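The structure appears right after this line, and notes come after that.
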Protein chains: 2
Amino acid sequence: MSWSFRLRIRGSPTNLMNERLNFQVISDATGSSARSGSLPLSRGLVETPFFMPIGTHGAVKTVTASEVGELGAQVILSNTYHLYLRPGAELINKAGGIHKFMSWDGPLLTDSGGYQVFSLATMRKLDDGGVTFQSHLDGSIHQLTPEKVIDIQRQLGSDFVMVLDECPPGDADQATWAAALERTTAWAHRSVKRFRESEPLYGHQQYPLCIVQGGTDPDLRRRSAEELLELDTPAYAIGGLAVGEPKKEMYASLEVMDALLPRDRPRYLMGVGTPADLVRAVRYGMDMFDCVMPTRNARNGQLFTRTGKLNIKNAGFRDDLNPVEDDCDCQLCRQFSRAYLRHLFATGEVLGLRLATIHNLRFYMKLMAAIRTAIRAGDYATWSRQFLAEYESDGND
Amino acid sequence: MSWSFRLRIRGSPTNLMNERLNFQVISDATGSSARSGSLPLSRGLVETPFFMPIGTHGAVKTVTASEVGELGAQVILSNTYHLYLRPGAELINKAGGIHKFMSWDGPLLTDSGGYQVFSLATMRKLDDGGVTFQSHLDGSIHQLTPEKVIDIQRQLGSDFVMVLDECPPGDADQATWAAALERTTAWAHRSVKRFRESEPLYGHQQYPLCIVQGGTDPDLRRRSAEELLELDTPAYAIGGLAVGEPKKEMYASLEVMDALLPRDRPRYLMGVGTPADLVRAVRYGMDMFDCVMPTRNARNGQLFTRTGKLNIKNAGFRDDLNPVEDDCDCQLCRQFSRAYLRHLFATGEVLGLRLATIHNLRFYMKLMAAIRTAIRAGDYATWSRQFLAEYESDGND
């Protein structure tokens, strides 16, 4: 694949001014670090905390972007690694950016591709320059460098741009975490430098995020945060969690992160999580989330409700003419019964995947709206306790 | 599967009055038998000619019934054989009928299941009582009789109810056609008798259709039509065409049918067809159509346009940022490019199947609307010639 588009380089200090976010927060009054705020982006105002549905190939599976917006999503996430391989950043550039290509005019975040290189690519060779890997699709050889992932995200035109990081598994040892941290800091410097020397291609401001690593070791987390805070990016992501470590250790790390990260910048907890995880992580001042769970579980027949999960494939739903969730306003619950949805899954109708996806995304969007409302009402301690008691009563997570 | 619902039998002559259709037609003034009319059904007025999208399992593949309605569909078709096997007529009865089950309040036609027994079932034994067959799903043994297919369709609550018929292939010999014709006549008598001795379960009038058989033999077609006209059903279907016979013979048979069938009853040409087929068949006074083509071809990546078909998987569309069809008002063409749709197919995103289905159904619905308009304007000869010249210019059918 050729790599010949022309970067417009200017290196003016106004870039740094432009990437500032005027993040206004209302903090929880009841003892936790929970906060709700508004984030005026170039493509519109976003309310925090928010959850980003995942559109890996520039499409949230089974639904269009405008439908995702109608369900209440404010920001969509797409994957640099996948888009880079198919259809390629040049085509998306030719289309006028990822927003035009996928017909979404709200904000969008792209990851850096680093995580996918480590989890999907069949071969990879890491050196300080970057990572060389073999495509999981056709075996072709590619290299991603800290600079190149920025160039790609400039071509994509995503609103939130992630630096290249190295994300080791949750059960790695301390030496591995330390090495990944060092490389992540070095790569972050190069990514942010490239970001600040280039500019947006489509007239919308983009915002870079550094990614804090360090596994579940408090000292490494502290070191990573301190090194990356020097880069002064408008928001910070927490990587290397929800990657296989025990839940307890994840929350201990969030407590460390909460104490270290500046309160005037949005915090993005990558890859989290279950409804209960979201409710708990918000207590540590987390503002942005993404996870495949609502969409992937939907396609497996698992539906989220206020009182826990249900698997629509269970024989018990065969004759159940009730909606999936009584008071839900989604297209599935307004129009169809559990029996109908089960019938669609039993007969392999892809409409079932879509209706389940719509319900789960709507559930997540209503959950985030309820979280924001509770925080702004100064009621998050009570609200979150009640939510968790009801949701987890049957052993759900 | 148990078969224990209680039929309400009354046998009053008012049933025959209730099943009359007040079919008002405006005939083409330019020499063909084309006509456009309105059909006041219990669930609303339907404009003819119309095309019925196929919802085999009580779902038009990838889209909800209300979305199919928004695309312009007036009547949906569903399959008795499939619904009988899954989820079963009892469950649909319990749900309050097929309309409530699938959330569709417009008219719906169900076939009798006969065609599927002959094309899908792995074993079948035919006798004068009915047809015994083995389910293609689990090998279970079932019997359909002329009476039972009516009972099932009463439970489903479809607006148009088809009698059980025997439909031999298009390349069968005359003796096979003659035998199938005889059985079809005998079964039609029994189906219509059962229909008139029973009544609707959900407060909406249902309308029975006999099915003319006879292959492509004019004498057999005449005999079948004469025998079935004695049953005086409110509409007539033409079966046994579009089942493998040469196109020329299909049109010769339509000419025969046009001369034989009363002009005051809607005519349903089963299983037809391509856009060009629809335009030509209308010239023989055909009013109702169904075919898997718009939906099935969409899922294979084949899109219909005014100037013929295109296969979105072709490499030539990789960088094509134009819509599938320039002046199309469907969701696909308004929001997305050919390159995006091709990308969805290349990455296996089921959203691609749905967007292609939406476009093809919209194409068929716009085609039927244009046919109705041309007939009512007394302009069908010119309009249909022009349509075919443009559509078939690249060898499309």
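Rundown of residues vs (1) surrounded by fewer than 21 Cβ atoms within 10 Å (Cβ to Cβ); (2) part of a helix (DSSP H, G or I), yes/no style:
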{"position": "B:F118", "(1), (2)": "yes, yes"}
{"position": "B:L126", "(1), (2)": "yes, no"}
{"position": "B:G139", "(1), (2)": "yes, no"}
{"position": "B:Q155", "(1), (2)": "no, yes"}
{"position": "B:A172", "(1), (2)": "yes, no"}
{"position": "B:A175", "(1), (2)": "yes, yes"}
{"position": "B:A179", "(1), (2)": "yes, yes"}
{"position": "B:R190", "(1), (2)": "yes, yes"}
{"position": "B:Y202", "(1), (2)": "yes, no"}
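The single condition among (1) aromatic (F, W, Y); (2) part of a helix (DSSP H, G or I); (3) more than 13 Å from chain B (Cβ to nearest Cβ) that A:F133 does not satisfy is (2).
When we screen B:L229, B:L209 for residues that are touching a Phe, Trp or Tyr at 6+ places or on another chain (Cβ under 9 Å), modelled with pLDDT of 95 or more and surrounded by fewer than 22 Cβ atoms within 10 Å (Cβ to Cβ), the only hit is B:L229.
The residues of the stretch A:42-85 that are more than 14 Å from A:R354 (Cα to Cα) and among the β-branched types (V, I, T), listed by number, are A:V46, A:T48, A:I54, A:T56, A:V75, A:I76, A:T80.
Can you spot a residue in the stretch A:356-378 that is modelled with pLDDT of 95 or more, more than 30 Å from A:S38 (Cβ to Cβ) and outside any helix (DSSP H, G or I)? No: the stretch A:356-378 contains no residue that is modelled with pLDDT of 95 or more, more than 30 Å from A:S38 (Cβ to Cβ) and outside any helix (DSSP H, G or I). When you look at A:G170, is it under 19 Å from the mean Cα position of the chain (by Cα) and not acidic (D, E), yes or no? In short, yes. Just so you know, in the stretch B:308-323 the residues that are of a type in the set (A, V, I, L, M, F, W, C) and touching a Phe, Trp or Tyr at 6+ places or on another chain (Cβ under 8 Å) include one that is surrounded by the most Cβ atoms within 10 Å (Cβ to Cβ), and it is B:I312.
Can you confirm whether A:C328 is in contact (Cβ under 8 Å) with a residue 24 or more places away in the chain and away from chain B (no Cβ under 13 Å)? The answer is yes for A:C328. Within the stretch A:92-116, if we keep just the residues that are within 14 Å of chain B (Cβ to nearest Cβ) and among the hydrophobic types (A, V, I, L, M, F, W, C), the residue that is surrounded by the fewest Cβ atoms within 10 Å (Cβ to Cβ) turns out to be A:A95. Somewhere in the stretch B:35-58, is a residue under 17 Å from the mean Cα position of the chain (by Cα), surrounded by 24 or more Cβ atoms within 10 Å (Cβ to Cβ) and of a type in the set (G, A, S)? Among the residues of the stretch B:35-58, at least one is under 17 Å from the mean Cα position of the chain (by Cα), surrounded by 24 or more Cβ atoms within 10 Å (Cβ to Cβ) and of a type in the set (G, A, S), which makes the answer yes.
Among the strands (runs of 3 or more DSSP E) confined to the stretch B:214-322, the ones with at least 3 residues that are more than 30 Å from B:L341 (Cβ to Cβ) are located at B:235-238, B:267-269.
Taken as a whole, the structure leaves A:L229 outside the set of residues that are touching a helix residue (DSSP H, G or I) at 6+ places or on another chain (Cβ under 7 Å) and either touching a residue at least 24 places away in the same chain (Cβ under 8 Å) or at negative phi (or both).
Scanning the stretch B:355-371 for residues that are of a type outside the set (A, V, I, L, M, F, W, C) and either surrounded by fewer than 21 Cβ atoms within 10 Å (Cβ to Cβ) or facing chain A (nearest Cβ under 7 Å) (or both) returns a single hit, B:K366.
Filtering the stretch B:231-242 for residues that are farther than 24 Å from B:I150 by Cα, within 14 Å of the chain's Cα centre (by Cα) and assigned by TED's automatic domain parsing to the domain that holds B:A65 leaves a non-empty set.
Which one of A:F304, A:F345, A:F336 is crowded, with 24+ Cβ neighbours inside 10 Å, farther than 22 Å from A:I238 by Cβ and either within 14 Å of chain B (Cβ to nearest Cβ) or at pLDDT below 95 (or both)? Write out each step before concluding.
Working: A:F304 fails: either within 14 Å of chain B (Cβ to nearest Cβ) or at pLDDT below 95 (or both); A:F345 fails: crowded, with 24+ Cβ neighbours inside 10 Å.
Just one listed residue meets the conditions, A:F336.
Scanning the stretch A:330-355 for residues that are assigned to a loop (DSSP other than H, G, I, E, B) and either in contact with a helix residue (DSSP H, G or I) (Cβ under 7 Å, 6 or more places away or on another chain) or under 24 Å from A:A281 (Cβ atoms) (or both) turns up A:C330, A:F336. Within the stretch A:116-138, no residue that is at positive phi sits with its Cβ atom under 9 Å from a residue that is among the β-branched types (V, I, T) and at pLDDT below 90 at 6+ positions apart or across chains.
The values are calculated or read from the model by the stated rules, or taken from the named source; none is laboratory data. As the structure is a prediction and not an experimental result, all values here were calculated from the model. Glycine gets a Cβ as well: all are built from the backbone with ideal geometry, and neighbour counts include every protein chain shown.
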